[in-house]
Amino acid sequence: MIKKAKVINEEGFWFWSNRSFPTFAAIIFVLGVLWFLNGIGILKTKVPWFPAILIILSLGWIINHYKKR
C-alpha cells in the first residue's frame, strides 16, 4: 500500500499525493553529508565502516525498488 503524502499544488493548496517520502534517499544523503564532514575534518569520528553503511542502504533501496514491480 502506498502512503499518501501531503503536498502543495501551484495554487498553494494542500492535497494528498500518492508519492511516498524517499526514506532511503534521505538516510543515504545524511550519511553522505556526515562522511563528507568527517573527510574534511569538521566532524571527528572514527567510523571506518561509513562506506559499508552507504553500500548496504543503497542495495536495500535497489532491491526494494525491484520488489515492487
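The values are calculated or read from the model by the stated rules, or taken from the named source; none is laboratory data. These figures come from a predicted structure and were not determined experimentally. Don't worry about glycine lacking a Cβ; one is built from the backbone with ideal geometry, like all the others, and counts go over all protein chains shown.
Okay, here's what the table says:
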{"read-out": "Counted residues, region 41-61 - those being part of a helix (DSSP H, G or I) and touching a helix residue (DSSP H, G or I) at 6+ places or on another chain (Cβ under 9 Å)", "value": "8"}
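So that you can scan it fast, the table gives a plain yes or no per residue for (1) modelled with pLDDT under 80; (2) surrounded by 11 or more Cβ atoms within 10 Å (Cβ to Cβ); (3) under 15 Å from the mean Cα position of the chain (by Cα):
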site	(1), (2), (3)
1	yes, no, no
12	yes, no, no
19	yes, yes, yes
22	yes, yes, yes
26	yes, no, yes
30	no, no, yes
33	no, yes, yes
38	no, yes, no
42	no, no, no
